[in-house]
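> Okay, handing you the structure first.
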Amino acid sequence: MNASLNNGSGAPLPRTGRAMPQHDDETELRCAQALEAYKAFFLKYERQEAIVSRINILRLSCLGKRDVPLDGRRLSEVSQAGKSRMLRAYRDRMNAMPGPDGQPNPYRVLYVELKGAHTLKMLCRVLLRMLGDPHPEVGNAEDVQERVRRFIRTRGVELLIVDEVQHLNGHSNNKMDITDELKLFLDAGIVPVVFAGNEKSRAFFLRNDQLSARLGPALELSPLSATQAHERTLFKTFCRDLDDALVKHGIMRNRSGLDGAAALKGLLAASGGHVGRVCRIVEAAVEHAVMRQADFVELYDLSHAVDTFAIPQRYIKRNPFAS
């Protein structure tokens, strides 16, 4: 469907809607609703499912184990490759599952995202709030640490996911304190831990070789390659499913042809084969398409998304849709 015309310079032209975004109340409300719907759904993807499977095996293998050393897992991948969204979706799915009593446990899997300025006491208070402590701000450092460990057990926490661990790479006391506490969770048999971060987190794992030895073979969310037939099929399937979801969730009126040859080639190049980056590029294109009242996401919108988002984010240097 999406075989847009071009203006002679190679840049695609719009086929539906207007050429420029419309800034009126009705269009802005429609765009806000579309973006909210876009962020609400999560697509299954073979490579992510393989990672989630290994994480879930870790969780299941540690059930009922207390006061014995536990294993963990580690995942490093480039920024915006889709790892954090995948991990949060796994948490949400696990926490919604009924337990032995038929009721879901909202504490089954905890997900915490580290910040560069976190101290151990601050992190413990974040965890206490997640765990439902009525007074997370009360107590000194030793007290909040002990309460975290106690709450993890009494709330039935089965897995802790710590994201953005690249912030722990360094020699400051704060970083070392947090790292030591997370190691203690494993060493003291409190809870298994999944450590995740961007490409800079690899330096953290190299510095902490004894910890890494406890985390098993690294989980890999590697990009898809245009040179492998199976990987091209995976990429096309993902883009097709994403296209279907845009219509299913009322985001676009018609299919956009994201699995068409031109869209696939451009999206593969612009994303570097990372499906998480595909989602972000398409999100920017959806906003542009809705604001100009188009019937679907066109190559025109994808090209605009690459120029205004993917290139500034340094996904790619040149726009593959404008060649």
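> Using only C-alpha positions, report the orientation-averaged shadow area of the convex hull of the stretch 1-153, nm², one decimal.
For the stretch 1-153, averaging the hull's shadow over all directions gives 16.0 nm².
> Suppose every Lys and Arg Cβ carries +1 and every Asp and Glu Cβ carries -1, with no other charges. What dipole size does the stretch 125-184 come out with about its Cα centre, to the nearest 20 debye?
The dipole of the stretch 125-184 has a size of about 180 debye.
> If R₀ is 51 angstrom, what is the calculated FRET efficiency for the pair Leu184 and Lys44, using the beta carbon separation as r and rounding to 0.05?
That pair, Leu184 with Lys44, gives E of 0.90.
> Tally up the carbon and sulfur contribution to the accessible surface of the stretch 209-291 as a whole percent, 1.4 Å probe, everything protein left in place.
The computed percentage sits at 51.
> What number comes out for accessible area per residue over the stretch 77-180 if the probe is 1.4 Å? Units Å², please.
Counting only protein heavy atoms, the per-residue value for the stretch 77-180 is 47 Å².
> Which lysines have a Cα lying under 26 Å from the Cα of Lys183, excluding residues fewer than 8 positions away in the same chain?
Counting by Cα, and skipping residues close in sequence, Lys183 has these lysines nearby: Lys65, Lys83, Lys115, Lys121, Lys175, Lys200.
> Let me ask another. Quick check on the chain: of the DSSP beta bridges with both residues there, what percent are antiparallel, nearest 5%?
15 percent
> Probe of 1.4 angstrom, ligands and nucleic acids ignored: what's the accessible area per residue over the stretch 246-323, in square angstrom?
40 Å²
> Also, quick follow-up: Under 8 Å for C-alpha pairs, at least 6 residues apart: give me the relative contact order for the stretch 270-323, rounded to a whole percent.
So the answer I get is 39 percent.
> Just report the Cα centroid separation between the stretch 151-184 and the stretch 115-146, whole Å.
Their Cα centres are 12 Å away from one another.
> Just the number, please: carbon plus sulfur as a percent of the accessible area of the stretch 1-159, 1.4 Å probe, no ligands or DNA/RNA counted.
54 percent
> Please report the relative contact order for the stretch 1-130, taking Cα pairs under 8 Å with a sequence separation of at least 6, and give it as a percent rounded to a whole number.
In percent, rounded to a whole number, it is 11.
> A further question follows. Who wins for biggest fluctuation among Ala269, Ala289, Ala141 in a Gaussian network model of the chain, springs between alpha carbons below 10 Å?
Most flexible of the set in this elastic network: Ala141.
> In degrees between 0 and 90, to the nearest 10, how far off the longest principal axis of the chain does helix 261-271 point, with axes built from Cα atoms?
Roughly 40 degrees between the two axes.
> Treating only the Cα positions of the stretch 36-90 as identical point scatterers, give the base-10 log of I(q)/I(0) from the Debye formula at each q in 0.15, 0.20, 0.30, 0.31 Å⁻¹.
Taken in order of the listed q values, log10 I(q)/I(0) reads -0.55, -0.83, -1.30, -1.35.
> Over all alpha-carbon pairs in the stretch 182-316, figure out the percentage whose distance exceeds 18 Å.
Cα-Cα pairs in the stretch 182-316 separated by more than 18 Å: 62 percent.
> Moving on. In Å and on Cα atoms, what radius of gyration and Dmax does the chain show?
Just the Cα atoms of the chain yield Rg and Dmax of 22.3, 69 Å.
The values are calculated or read from the model by the stated rules, or taken from the named source; none is laboratory data. No experiment lies behind these values; they were computed from the predicted model shown. Methodologically, a virtual Cβ is constructed for each residue, glycine included, from the backbone with ideal geometry; neighbour enumeration extends over all protein chains shown. Keep in mind that these areas ignore ligands, DNA and RNA; they rest on the heavy atoms of the full protein, side chains included. Shrake-Rupley method; radii C 1.70, N 1.55, O 1.52, S 1.80 Å.
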